[in-house]
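The values are calculated or read from the model by the stated rules, or taken from the named source; none is laboratory data. Note that the structure is predicted; figures quoted are calculated from it, not measured. Every residue, glycine as well, gets a Cβ built from its backbone with ideal geometry; the counts of neighbours run over all protein chains shown. With ligands, DNA and RNA removed, areas are computed over all heavy atoms of the protein, side chains included. Shrake-Rupley method; radii C 1.70, N 1.55, O 1.52, S 1.80 Å.
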Amino acid sequence: MKIIKAINNNVALAVNEQGHELVIMGKGVGFQKKMDDIIDDAVIEKVFVLETDELSEKLMDLLGEIPAIHLEIADEIVNYAKETFDAKISDNVYLTLTDHISFAITRHEKGMSIRNVMLWEIKKFYKDEFKIGLKALEIIKERLGIQLGEDEAGFIALHIVNARTDGQAMKTTVDMTQVVQDVLNIVTYHFNVVLDESSLNYTRFVTHLQYFAQRLLRNEIVDSGDDFLFDQVQVKYPESFACTGKIDAYLQKAHHATLTKDERVYLTLHIHRVTERNRTNE
């Protein structure tokens, strides 16, 4: 590998034999190095092969402003996430998560804290990712002796959620979570019940809502126009069907979208199941 640019003694941007740019770390890897110098493999401790050269260069720019250990911490968190999910995680997370961790540490050192207003929803809807967030706090404490709070575990969890969904914008992830929570609130208030979050029907309902919200925000809603099923559920489950009307009104007002007949059928069935123990008039 050849040096493109040394950011400091221990971090450099390099190019391999295939012409792909890499971020490399190791003691002395950038010491007194200039462009096109050959790198001794013995001093290389970590190599970050990112999806694009542009991403590598952005990461290098970031490492010019923050300690390299913040990238090492992010790398450890990402590796833990990969082992946990056994799934592809977008390389963009190295940039976004490293930046977030560094900012969180800076805020902590200045005695500043930011409340995560979505912490409750993250704990409920993204339980596995939140566990990774908690593990991240352990890693940060172990590496730096800094104890961050649960709010930061929630923020880190959202970065993992975002990375698992092929790098879709964080705003979409947040909006999707908000749609799910708003629909659950509508159901709760419509039936005046506390939903059993430990039930299988609740889990199925939330899963359906997550995929629905994702399709809604990506404008991927498709309708078969099945009038028969639509008419059937309207007659058989009138109260649950009426609840979907409130959901439709909310979506029109908040997201300028409307439920298809198919979606009203599916939602009616899910709402009926998740509220079945609490209903007396259906």
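Altogether, the Stokes-Einstein calculation at 4 °C and 1.567 mPa s, with the Kirkwood radius of segment 104-176 over Cα pairs as Rh, returns a diffusion coefficient of 103 µm²/s. Roughly what angle does helix 238-255 make with the longest principal axis of the chain, taking Cα atoms, 0 to 90 degrees, to the nearest 10? With rounding to tens, the tilt is 40 degrees.
Counting only protein heavy atoms, what percent of the accessible surface of segment 2-51 is carbon or sulfur at a 1.4 Å probe?
On the way: 1440 of 2970 Å².
Whole-percent figure for carbon plus sulfur exposure: 48.
When all alpha-carbon pairs of segment 172-278 are counted, what percent fall beyond 24 Å? Can you show the working numbers first?
On the way: 975 of 5671 pairs.
The calculated P(r) of segment 172-278 puts 17 percent of pairs beyond 24 Å.
In the distance distribution for the chain, Cα-Cα pairs more than 36 Å apart total 33 percent.
When the residues Asp182, Asp36 are ordered by accessible surface, computed with a 1.4 Å probe over the protein chains alone, the sequence from largest down reads Asp36, Asp182. Can you tell me the orientation of helix 170-191 relative to the chain, as the angle in degrees between its alpha-carbon axis and the longest Cα principal axis, to the nearest 10? Computed tilt is about 20 degrees. Here, segment 2-51 yields an orientationally averaged convex hull projection of 3.0 nm² when only Cα atoms define the hull. Here the accessible area is traced with a 1.4 Å probe on the protein chains. For segment 68-167, carbon and sulfur cover 47 percent of it.
Of the peptides 144-156, 94-106, the order by per-residue mean of other Cβ atoms within 10 Å, starting with the highest, comes out as 94-106, 144-156.
Entry comment: accessible area of the chain is 53 Å² per residue, from protein heavy atoms only and a probe of 1.4 Å.
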